[in-house]
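Taking it in order: structure first as structure tokens, then the write-up.
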Amino acid sequence: MAKKKVLTEKTDISTPFSEFVRKFKKQKTAIAALIFILFLVLLSFISYSIVPYGINEYDYSAIMQAPSAAHIFGTDEFGRDLFSRILCGTGISLGVGLFSVSIAAVVGSILGLIGGYYGGMIDALIMRVCDALFAFPGIILAIAIVAILGNGMVNVVIAVAVFNIPKFARLVRGNTLATKNSVFVQAARNIGAGDARILFRHILPSAIPDIIVQYSMSIGSSILTASSLSFLGMGAQPPTPEWGLLLSNGRNYMMSSWHITLFPGLAIFLTVLSFNLLGDGMRDALDPKLTD
């Protein structure tokens, strides 16, 4: 008897996630940015256990020393190790960016869903409030909110979240308007699905890729805004090792001790740049119109 050979062909089933991963792997710059961000996240958890000096450990014999083997980033005006303070400030700056943008993404997405789905006066009211917030530059709006609420990092998070809400609201509203009359939404409505189920199970998932891109790109600008508020004395207060505050403390010594402003400024620059590059890469990977 002749043996029959059964040939099985492997079918390549592509899912949206696998397609995203395949495209994202080709974004070398975005991958490098993601690795750097993950490294910062790791530092934010372990920084206090690996720093060579305490963040408020004063050494008046080493005031404003230039970078050396003992203090690789130098010391500040009180002799505190700048490297230790920048490392411990990583969690503060990342936390402000992540928490503020997360709040804005949740609130803005819900407002965009409600406004786009129901329309009428509800939509008009939400959009007019968003237009009013868009009329102010982000940093000016944040300064105004902190001036009303008072100084402190909690109020900075609230201020940064407020000026990011309209971005997500408009983004999700536009997607909701484009999909609320789709066939699959009409089918869900015909079988008795409630509005909440239609909004969060059928309409919101189609907006997730755009939300992810906006989320990743907003974190960088939020970190920059929070640092600006601390630089102006409206955010973190001494002796908190927040990057913007470190930059503010060193501005009076820029000519004599350049390292006090260079390293905090470099930390802000690299972090914001990484989030922007990551956002660009994710946008390219999630865009179905871009083909290989």
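Just a few scattered comments:
- Residue match in segment 12-22 (condition: among the basic types (Lys, Arg), surrounded by fewer than 13 Cβ atoms within 10 Å (Cβ to Cβ) and under 18 Å from Pro209 (Cβ atoms)): yes
- Which listed residue, of Phe39, Phe83, is touching a Phe, Trp or Tyr at 6+ places or on another chain (Cβ under 8 Å), modelled with pLDDT of 90 or more and among the aromatic types (Phe, Trp, Tyr): Phe83
- Taken over segment 225-243, the criterion of being within 15 Å of Thr261 (Cα to Cα) and in contact (Cβ under 8 Å) with a residue 40 or more places away in the chain is satisfied by Ser227, Ser228, Ser230, Leu232, Pro241, Glu242, Trp243.
- Boolean, Ile208 is farther than 14 Å from Gly89 by Cα and either at pLDDT below 90 or out of contact with any Phe, Trp or Tyr (no Cβ under 9 Å at 6 or more places or on another chain) (or both): yes
- Just one of the numbered conditions (1) within 30 Å of Ala285 (Cβ to Cβ); (2) under 18 Å from the mean Cα position of the chain (by Cα) is not true of Glu242: (1).
- So Ile268, is it crowded, with 18+ Cβ neighbours inside 10 Å, in contact (Cβ under 8 Å) with a residue 60 or more places away in the chain and hydrophobic (A, V, I, L, M, F, W, C): yes
- Of the residues making up segment 219-257, those that are surrounded by fewer than 24 Cβ atoms within 10 Å (Cβ to Cβ) and assigned to a helix (DSSP H, G or I) number 12.
- A single entry from Leu204, Leu177, Leu199 fulfils the requirement of being surrounded by fewer than 17 Cβ atoms within 10 Å (Cβ to Cβ), outside any loop (DSSP other than H, G, I, E, B) and in contact with a helix residue (DSSP H, G or I) (Cβ under 7 Å, 6 or more places away or on another chain): Leu177.
- Taken over segment 60-95, residues that are under 15 Å from Ile260 (Cβ atoms) and not aromatic (Phe, Trp, Tyr) amount to 21.
Yes/no per residue for (1) within 18 Å of Gly220 (Cα to Cα); (2) surrounded by 13 or more Cβ atoms within 10 Å (Cβ to Cβ):
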| site | (1), (2) |
| --- | --- |
| Leu38 | yes, no |
| Ser44 | yes, yes |
| Val51 | no, yes |
| Gly54 | no, yes |
| Gln65 | no, yes |
| Asp76 | no, yes |
| Gly89 | yes, yes |
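- Taking first residues from segment 186-207 that are polar (S, T, N, Q) and partners that are exposed (fewer than 15 other Cβ atoms within 10 Å of the Cβ), the Cβ contacts under 9 Å between residues at least 6 apart in sequence or on separate chains come to Ser206/Ala178; Ser206/Ser182.
The values are calculated or read from the model by the stated rules, or taken from the named source; none is laboratory data. Keep in mind that this is a model prediction, so the values were computed, not measured. Backbone-built Cβ (ideal geometry, glycine too); neighbour counts: all protein chains shown.
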